[in-house]
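The values are calculated or read from the model by the stated rules, or taken from the named source; none is laboratory data. Small disclaimer: the values here were computed from a predicted structure and weren't measured. Positions of Cβ are generated from backbone atoms using ideal geometry, with glycine treated the same way; all protein chains shown enter the neighbour counts. For accessibility, only protein heavy atoms count, side chains too; no ligands or nucleic acids. Shrake-Rupley method; radii C 1.70, N 1.55, O 1.52, S 1.80 Å.
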Amino acid sequence: MAEKPKKILYVQYTNPAAFPPLENSALLLANRGWQVKFLGTQALGLENVHLLNHPNIKVELGSYCFPGKKQKLNYFVFILRSAKEMLMGQYSCVYVSDIFATPIGWFACVVLNKRVFYHEHDTPSCAHSRFTQFLHWTRKKLSSQADLCIFPQTERANTFLNQFSAAKVQVCFNMPLKSTAINASEKNRQTFFTLWYHGSLIEERLPFQILEALRILPNDVALKFAGYETFSSEGFLKRFFDKARKLGVENRVQYCGVLETRESLFRQAQECQLGLVLFQKQFVEPMVGASNKPYDYLACGMPILFNDSSEWINFFENQGVGKSCDPGSSESIAQAIRFLVENETEYANMRKRGLEKISTEWNYEAQFAPIQKLLEN
């Protein structure tokens, strides 16, 4: 008699396509014969973005609701739908991926005696209402009952463990699959030296100083980017291109839209020469490991340009895969880019080292291996 396939349910109150690590782990499990199902909702700006098709992966998304009374009803329906799926689906494991899904994870542990893995991609903000207090309470309860609590960044994992000492914690950096790394010989220098950015379109991640740097740099340096405006950054594209026109560089800036899959995103990125990771220095929390961008860019054959905080310098610049600058200074950005444009040998070495890192250790297969081992058991 054939053995029943293992089944896993991913639950998150958002679009799972917004989190590349979820797609990566699902693909690793699906390729091992697991039946994977995602329960989530649509997300603002990501209506046309979806996970890679795979015969063993199913996705079921509810509608998106703006904050308010309708959203509370929407969330309650999501909870009921998730509970029904867990009761009927005979899942080996439930994989919970945000604080809004922690009540579901807690229910799965306590009532259904399911194996539950809690993967916290973003640290939740402080509780400011009875509802968010409830969510933080279920997060606390789940911390000691989940089989594993997974974090994309070492300091975040340590902070969680200091708060909840009974938790079993695993760090899993947000790195791409090895298969995404291009062959070192596939990329040729184009007419333009093109900068690339993808992700949420907010000034804290794609600063307007990059446009001012373009004005300083030679005309064969250009910028391409893809991504989506967030609820808090509505109107970013208009402001960004208004600034580009004012500086006279609009003909060197191209917006590629919201690309539907990671595969299509990577195809665009592979045509470019330098990946931008210009986060503000004083970001809300540590980001090395949590940010997908630098590893995505390296896999696409691009060295990276990042901020000159000690966190980023110690991890990336010391590995020789990119160059740092002050993201608040157009002069500093331009100087760093000019160095890479003019020093082709150093640029080529950075590119080669980045691809080697992705192929050998900076990949999701290596990061997810301890978690996959627990799941397979």
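Where the alpha-carbon atoms of the stretch 1-92 are placed on the principal axes, they occupy 50, 27, 16 Å, in descending order.
Between residue 256 and residue 7, take the C-beta separation as r, use R0 = 35 Å, and let me know the FRET efficiency to the nearest 0.05.
For residue 256 and residue 7, the calculated efficiency is 0.45.
For the residue pairs 7/114; 70/238; 7/58, alpha carbon separations beyond 23 Å are given by 70/238. Just so you know, the Cα atoms of the stretch 320-359 work out to an Rg and Dmax of 11.4, 34 Å.
Across 303, 294, 20, mean-square fluctuation computed from a Gaussian network of the chain (C-alpha pairs under 10 Å connected) peaks at 20.
Rg and Dmax, both from the Cα atoms of the stretch 290-377 and both in Å, are 15.1, 54.
Of the residues 332, 313, 301, the one whose Cα sits farthest toward the positive end of the charge dipole of the stretch 298-343, with +1 on the Cβ of Lys and Arg and -1 on the Cβ of Asp and Glu, is 301.
Placing pseudo-labels 7 Å out from each Cα toward the beta carbon at residue 335 and residue 77 gives an inter-label distance of 5.6 nm. Take residue 106: with every protein chain present and a 1.4 Å probe, its accessible area is about 70 Å². Cross-link check: pairs 323/352; 140/293; 72/141 evaluated at a Cα-Cα cut-off of 18 Å; pairs beyond the cut-off: 140/293; 72/141. Highest mobility in the GNM of the chain, judged by mean-square fluctuation with C-alpha springs under 10 Å and restricted to 166, 18, 43, is found for 166.
Normalised Debye scattering of the stretch 139-220 at q = 0.19, 0.21 Å⁻¹ gives log10 I(q)/I(0) of -0.95, -1.02, counting only Cα atoms as equal scatterers and leaving out solvent.
Site pair residue 130 and residue 242 shows an inter-label distance of 4.2 nm when each label is modelled 7 Å from Cα along Cα→Cβ. Comparing 349, 174, 88 along the charge dipole axis of the chain, the residue lying farthest to the positive side is 88, per the Cβ-charge model. What's the long-distance tail for the stretch 49-131, i.e. % of Cα pairs beyond 17 Å? Summing the P(r) of the stretch 49-131 above 17 Å gives 58 percent of all pairs.
In deg cm²/dmol, rounded to 500, what helix-only [θ] at 222 nm does the chain give when every DSSP H run of at least 4 residues adds -39500 (n - 2.57) and the total is split over its residues? After summing the helix terms and dividing by residue count, I get -12500 deg cm²/dmol.
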